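Here's the structure we're looking at; comments come further down.
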Amino acid sequence: MLKRAMARESRLRRAQKIAVACATLTLVAGQAACLAVPPPPLASQGPVRPTILDEGVSPQPGVPFVEWPDGGSFVIAVEAQDQPFYYDAFVDFDPNANSDPTEPSAPVLQPTLVPATTPDPVTIHVVLKQPDPRFCHTVEILVAHQFDQMLPHTPDSVGGDIVTWFYIPGGGDCPVIDAGMYENGEFFDAASP
C-alpha cells in the first residue's frame, strides 16, 4: 500500500510538473505571439482643423506694410493633413456693418474649396484689388474645414486659422478709435442718475 501511495504521489508530482511546464510554455508562446502580431491600424481621426504656417506667409504677417504687394498677391501655406478645406479673404471686415448681426460685411472672395491632394502643406496665392489708399485697411485670409453659412467669417466646429495684415498707405497715421469718456475703462453705474 505504501508503494501504491508513493506511486500515486509520484504521478501527481509528475502531472504537476507537466502542468507547470505547459502553463509556462503557453505563457511564453502567448507573449511571443503578442510580439509577432502587428497592431491594428489606427481609427480615422475625423476632420482636422487646417493651420496656416507662419513661415509660408507673404507679406510678413503682423508687420504693417506701407505699399500694396506687387500684383495684390498674398501667399499662405496651409497644413491640412491631406484633407480638403476652404479659404476666404476679407478686407476691413466689420461684423456690425449691417443692422442684422447675422449679415456681416461680405468677404472679398467666396469660400474657395481646396481639395485634398497631398499630405504636404498647400500654398495658396490670393490676389486682392488694392483698397482706397487714402485710408488704412485690415486684410485677413481665413482657412477652415468649412465656414458657417450664416457667418462667413466664422469656421465650423472643426475650426480654422487666420492671418492678418495691416495696410498703412505711405506709412502715415491711422485713425485711433476714440472711447470718449470711457477711455479709462470706467463705466458709470446704471443705477445712478
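The values are calculated or read from the model by the stated rules, or taken from the named source; none is laboratory data. What you are looking at is a predicted structure, and each value in this text was computed from that prediction instead of being measured. Cβ atoms come from the backbone with ideal geometry, glycine included; neighbour counts cover every protein chain shown.
Summary of values
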{"item": "Filter pass, THR102 being among the hydroxyl-bearing types (Ser, Thr, Tyr), modelled with pLDDT under 85 and within 28 Å of TYR86 (Cβ to Cβ)", "result": "yes"}
{"item": "Given (1) modelled with pLDDT under 90; (2) of a type in the set (A, V, I, L, M); (3) crowded, with 19+ Cβ neighbours inside 10 Å, index of the condition MET150 fails", "result": "(3)"}
{"item": "The listed residue being part of a loop (DSSP other than H, G, I, E, B), acidic (Asp, Glu) and in the same structural domain as ILE76 (by TED's automatic domain parsing), out of ASP161, ASP132", "result": "ASP132"}
{"item": "Identity of the residue in the stretch 164-175, hydrophobic (A, V, I, L, M, F, W, C) and part of a strand (DSSP E or B), that ends up surrounded by the most Cβ atoms within 10 Å (Cβ to Cβ)", "result": "TRP165"}
{"item": "For VAL78: the one exception among (1) at pLDDT below 90; (2) among the aliphatic types (A, V, I, L, M); (3) touching a Leu at 6+ places or on another chain (Cβ under 8 Å)", "result": "(1)"}
